[in-house]
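The values are calculated or read from the model by the stated rules, or taken from the named source; none is laboratory data. Everything quoted here is computed from the prediction, not taken from an experiment. Positions of Cβ are backbone-derived with ideal geometry, glycine not excepted, and every protein chain shown enters the neighbour counts.
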Amino acid sequence: MAKKKPPKVHRENSSAEFHLLIEHFEDPLAKKSGIAFLFRTAEEFQNFMYELVVESKIEDHKIIFNILGLKTPLAGFPRPGPAMCRCEMENLKPGDYTLLIHRRGKQTNQFKISIKKFIKVVRSTKQGKFIDITTDHNQWFSQ
């Protein structure tokens with residue numbers, strides 16, 4: 001039997017399939033800080049807020065993410081919304097990084113980011129872009 005796709009609420013104003021927020025984070029209780037990468041789908045699902053499955057690794061000055069797909073949330077009660085994932089990296093040294101984001105092994109978007117006191121997207125993919133990046137929390141929610 002074929003898998004049934006989750007029901008979606010389509011958004012007309014977005015051409016990207018995913019949105020990424022990059023921001024500094026601090027957790028005084030866990031005594032950790034670093035950079036958080038928050039992924040979410042542009043689509044909002046009607047029945048569940050699915051978990052977005054993302055693998056991450058760092059090689060030299062390359063940050064690599066692989067978006068694998070969706071996973072059903074552990075909580076069984078319905079709650080509509082986008083699929084989300086949060087990846088935290090604690091020991092990133094200040095500097096310029098190449099950010100590579102693979103979508104299910106089929107397509108790659110490449111960005112240059114500068115991580116210092118502030119985070120800045122220096123250069124981004126123009127053709128075949130499936131993900132939008134921002135460093136502004138308010139803009140991430142309004143996309």
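Output the qualifying pairs, or none if there are none: Cβ atoms under 8 angstrom, residues six or more apart or on different chains, first residue in region 34-61 and at negative phi, second residue aliphatic (A, V, I, L, M) and outside any strand (DSSP E or B).
Matching pairs, first to second residue: I35/L92; A42/A16; I58/L92.
Within region 81-120, how many residues are part of a strand (DSSP E or B) and either free of Cβ contacts under 8 Å to residues at least 60 places away in the same chain or not hydrophobic (A, V, I, L, M, F, W, C) (or both)?
Count: 25.
T108 - would you say it is surrounded by 10 or more Cβ atoms within 10 Å (Cβ to Cβ), more than 16 Å from L21 (Cα to Cα) and among the β-branched types (V, I, T)?
So T108 passes the test.
Within region 68-80, identify whether any single residue is of a type in the set (A, V, I, L, M, F, W, C) and within 17 Å of T134 (Cβ to Cβ), and answer yes or no.
Within region 68-80, not a single residue is of a type in the set (A, V, I, L, M, F, W, C) and within 17 Å of T134 (Cβ to Cβ).
Among the residues of region 122-143, count how many are touching a residue at least 40 places away in the same chain (Cβ under 8 Å) and not in a loop (DSSP other than H, G, I, E, B).
Of the residues in that region, 6 qualify.
Assess whether A16 counts as being assigned to a strand (DSSP E or B) and in contact (Cβ under 8 Å) with a residue 60 or more places away in the chain.
For A16, the condition - assigned to a strand (DSSP E or B) and in contact (Cβ under 8 Å) with a residue 60 or more places away in the chain - is not met.
If a residue must be of a type in the set (D, E, K, R) and closer than 17 Å to G34 by Cβ, how many such residues does region 63-95 contain?
Adding up the residues that qualify gives 4.
Mind listing whichever residues of region 38-57 are farther than 22 Å from H137 by Cβ, modelled with pLDDT of 90 or more and surrounded by 18 or more Cβ atoms within 10 Å (Cβ to Cβ)?
none
Restricted to region 111-127, and to residues that are at pLDDT 80 or above and of a type outside the set (A, V, I, L, M, F, W, C), which residue is surrounded by the fewest Cβ atoms within 10 Å (Cβ to Cβ)?
Going through the qualifying residues, I end up with K117.
Which condition does I63 not pass, out of (1) modelled with pLDDT under 90; (2) assigned to a strand (DSSP E or B), if it passes all the others?
Against the list (1) modelled with pLDDT under 90; (2) assigned to a strand (DSSP E or B), I63 comes up short only on (1).
With respect to the numbered conditions (1) more than 20 Å from P94 (Cβ to Cβ); (2) modelled with pLDDT of 90 or more, which one is the sole condition not fulfilled by H24?
Failed condition: (1).
Restricting attention to region 97-132, report how many residues are touching a His at 6+ places or on another chain (Cβ under 8 Å) and either within 15 Å of A36 (Cβ to Cβ) or among the aliphatic types (A, V, I, L, M) (or both). Quick ask: steps written out before the conclusion?
As a first pass, look at region 97-132 and keep what is touching a His at 6+ places or on another chain (Cβ under 8 Å): 97-98, 108, 119, 131-132.
Checking which are either within 15 Å of A36 (Cβ to Cβ) or among the aliphatic types (A, V, I, L, M) (or both) leaves us with 97, 119, 131.
Of the residues in region 97-132, 3 are touching a His at 6+ places or on another chain (Cβ under 8 Å) and either within 15 Å of A36 (Cβ to Cβ) or among the aliphatic types (A, V, I, L, M) (or both).
Check G76, G105, G95 and return the single one that is within 17 Å of the chain's Cα centre (by Cα) and modelled with pLDDT under 95.
Being within 17 Å of the chain's Cα centre (by Cα) and modelled with pLDDT under 95 holds for just one of G76, G105, G95, which is G105.
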